[in-house]
Amino acid sequence: MTIPFRYCLSLSQSKALHANWGEVRDNLLTTASHESPPTSTSGNGRATHESWQVVIDESLARWLADPSCLEDEGIVPPSVETIRYACKIAQTLRDEGLLAPKRIVPNGEGGIVFERRAGSLFETIELDADGSLEMGTFENSILRLRRRLA
């Protein structure tokens with residue numbers, strides 16, 4: 001399914017996402033944890049690509065087709081523009097070969113969060129309603145890194 005995008009990541013945003021996730025991977029490799037970092041690109045590239053495509057097709061495209069499915073009492077659902085931007089982010093990260101998130105959820109304030117967990121490591125990329133991006137990395141539920149990407 002091809003989704004028309006009004007918003008696109010700029011080259012600098014795309015590089016920032018990739019560079020920062022790579023930095024997180026490098027930082028995690030130097031921690032006491034001996035687990036494989038969730039951002040590593042090891043493994044089957046085709047499976048990684050397909051996992052991202054599931055995120056795009058089964059969550060984001062469905063939300064884009066019917067944004068009302070995200071409405072609930074007390075929360076602000078993501079706008080169509082935010083969902084489109086999240087699709088572009090997902091495509092960029094997919095094309096960079098980074099592992100797909102385990103979960104993608106609305107943040108309740110009009111944004112979208114990509115979440116990935118591997119053992120004691122938990123990573124998020126949060127797209128806020130205003131288009132800003134923030135990455136967070138936790139190890140054993142302790143915040144290790146938080147960085148605004150855009």
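The values are calculated or read from the model by the stated rules, or taken from the named source; none is laboratory data. Fair warning: this is a prediction, and the values are worked out from it, not measured in the lab. Ideal geometry is used to build each Cβ from the backbone, glycine not excepted, and the neighbour counts take in all protein chains shown.
Residue check: is Arg46 of a type in the set (Lys, Arg), more than 27 Å from Ile142 (Cβ to Cβ), modelled with pLDDT of 90 or more and part of a helix (DSSP H, G or I)?
no
Being within 15 Å of the chain's Cα centre (by Cα), closer than 15 Å to Pro106 by Cβ and not in a helix (DSSP H, G or I) is the filter here, so list the residues in the range 54-96 that pass it.
Scanning the range 54-96 gives a single hit, Pro78.
When the residues of the range 99-127 are filtered to those that are farther than 18 Å from Trp63 by Cβ and crowded, with 22+ Cβ neighbours inside 10 Å, which remaining residue is modelled with the highest pLDDT?
Selected residue: Glu123.
Every residue in the range 69-97 that is touching a residue at least 40 places away in the same chain (Cβ under 8 Å) and not charged (D, E, K, R), please.
Val76, Pro78, Ser79, Thr82, Tyr85, Ala86, Cys87, Ile89, Thr92, Leu93, Gly97
Within the range 108-122, work out how many residues are of a type in the set (Gly, Ala, Ser) and either free of Cβ contacts under 8 Å to residues at least 60 places away in the same chain or in contact with a helix residue (DSSP H, G or I) (Cβ under 9 Å, 6 or more places away or on another chain) (or both).
Qualifying residue count, the range 108-122: 3.
Looking only at the range 128-150, which residues are free of Cβ contacts under 8 Å to residues at least 40 places away in the same chain, out of contact with any Gly (no Cβ under 8 Å at 6 or more places or on another chain) and surrounded by fewer than 16 Cβ atoms within 10 Å (Cβ to Cβ)?
The answer is Asp130, Ser132, Asn140, Ser141, Ile142, Arg148.
Please tell me if Arg62 is in contact (Cβ under 8 Å) with a residue 12 or more places away in the chain, of a type in the set (D, E, K, R) and surrounded by fewer than 21 Cβ atoms within 10 Å (Cβ to Cβ).
Answer is no for this residue.
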